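Let me begin by presenting the structure, written as structure tokens, before commenting on it.
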Amino acid sequence: MKQSRVILINILIIVALILIGGIIAYYWTQSYDYVSTQDASISAPSIPVSAAQTGTIESLGLHIGQHITKGQVVGKELVPGAVSSLATSKTKSAASSSSSPSTVKIVAPQSGTVAKISVRNGQAVSAGTPVFTLVQLSHVSVVANIPESKIRKVAVGQSATIYVDAHPGVAFSGTVKAISPTTQSFFSLIPTAATSGTYTKVTQRIPVTLSIVAAGYILLPGENSEVKITVH
């Protein structure tokens, strides 16, 4: 074997070792310095507005995506008048009388954007019937579900880089604001306890809430996100 070929092989081996070492160092650094998850999404406060009394919806002037302000009158509800009974002890007869219907204003309790309209004009509703739902897009946050094996590394105040699928190539900055004291499945309606002799362990995830700097972008609740939290 020629000496030049031996030298070339040695160089290739050294380069391969450097590349392998670099890859190992990269993944070790990523694992040590960051906690990452693709199980994350944009969230925002939602405010459901319900009918205050039993009646009929009138002149509800809303559309999806409309921004309304706190205290704004967005519709009216026609409420039937109260019915009263008058009884006389001598004749044992009763007479009923009803007052005229009254109008109740439907007022926005907070500022926000209309995300859902649950009723139509002319629809009869009872007290507590959902009328519409607002979302506050100016108060968006990110909820990331962190595996239980990594949650011990996460702490309130740590910085994070957030990627939103709706805005590819844009890196948003954020901060860990709160860590849930329970796992994601703790309040699930379906019990996780084993009912037979077999049991398959499932990695639990803990919801972590992060602030996000929108930087002029419109972030919508529910959009998929990827979070990388700096832990060291």
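Taking the stretch 90-173 and the strands (runs of 3 or more DSSP E) fully enclosed by it, the elements with 2 or more residues that are modelled with pLDDT of 95 or more and over 30 Å from residue 57 (Cβ atoms) are at 141-147, 159-164. For the condition at pLDDT 95 or above and surrounded by 15 or more Cβ atoms within 10 Å (Cβ to Cβ), residue 64 does not qualify.
Filtered by the rule that a residue be within 16 Å of the chain's Cα centre (by Cα) and either within 16 Å of residue 177 (Cβ to Cβ) or surrounded by fewer than 16 Cβ atoms within 10 Å (Cβ to Cβ) (or both), the stretch 221-232 gives 222, 224, 225, 227. So, residue 44, is that one touching a helix residue (DSSP H, G or I) at 6+ places or on another chain (Cβ under 7 Å) and either modelled with pLDDT of 95 or more or under 30 Å from residue 149 (Cβ atoms) (or both) or not? Against the criterion (touching a helix residue (DSSP H, G or I) at 6+ places or on another chain (Cβ under 7 Å) and either modelled with pLDDT of 95 or more or under 30 Å from residue 149 (Cβ atoms) (or both)), residue 44 qualifies.
The values are calculated or read from the model by the stated rules, or taken from the named source; none is laboratory data. Source: prediction; values computed, not measured. FYI the Cβ positions are ideal-geometry reconstructions off the backbone, even for glycines, and counts take in every protein chain you see.
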